[in-house]
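The structure follows.
The values are calculated or read from the model by the stated rules, or taken from the named source; none is laboratory data. Predicted model only: the values in this text are computed from it and were never measured. Heads up, the Cβs are rebuilt from the backbone with ideal geometry, glycines too, and the neighbour counts pull from every protein chain shown.
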């Protein structure tokens, strides 16, 4: 009788253990699927963010290149003005040399002002592009953070169901 009772009790425990294992397996599978989906969503968001950052950096680099080109062009023009001014001073008669130098100084100052103005405008455009790039990067990072939070919430929600 004791053996029969022990066998029955062992059978009840075995059945209960089997039933518990059978019900937790789908639960664990659902949570694992939610985690896998979350990882995909997070990876996708991070990929989008990286693309936005890359695009923003390229835009800044283009703006910087344009700015450098404009400043270089202005500096080249200024160099031509310097050369012309010095040439006129060299060709001037000794009694007109002082007038020629004064004229040359004016031309050089005007050329320097043009270079400074071109440089300021170019730097302003680069600064605007950098500010826009920073904004785009921040928005992309915020979207990634949102995707991570949503994915983690989905996983917690799935785990809480069971």
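Which residue out of 156, 84, 103 is within 30 Å of residue 42 (Cβ to Cβ), more than 26 Å from the chain's Cα centre (by Cα), assigned to a helix (DSSP H, G or I) and free of Cβ contacts under 8 Å to residues at least 24 places away in the same chain?
Only one candidate qualifies: 156.
One line per residue, one yes/no per condition, for (1) modelled with pLDDT under 95; (2) farther than 23 Å from residue 134 by Cα:
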position	(1), (2)
34	yes, yes
43	yes, no
58	no, no
61	no, no
64	no, no
74	yes, yes
79	yes, yes
82	yes, yes
86	yes, yes
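Let me ask something else. Among the candidates 97, 69, which residue alone is over 20 Å from the mean Cα position of the chain (by Cα), closer than 30 Å to residue 137 by Cα and assigned to a helix (DSSP H, G or I)?
Numbers: 97 fails: closer than 30 Å to residue 137 by Cα.
None of the other options fit; the residue is 69.
So, in segment 140-162, exactly how many residues are surrounded by 13 or more Cβ atoms within 10 Å (Cβ to Cβ) and closer than 15 Å to residue 51 by Cα?
4
What tally of residues in segment 32-77 results from selecting those that are without any contact (Cβ under 8 Å) to a residue 24 or more places away in the chain and in contact with a helix residue (DSSP H, G or I) (Cβ under 7 Å, 6 or more places away or on another chain)?
Number satisfying all stated conditions: 0.
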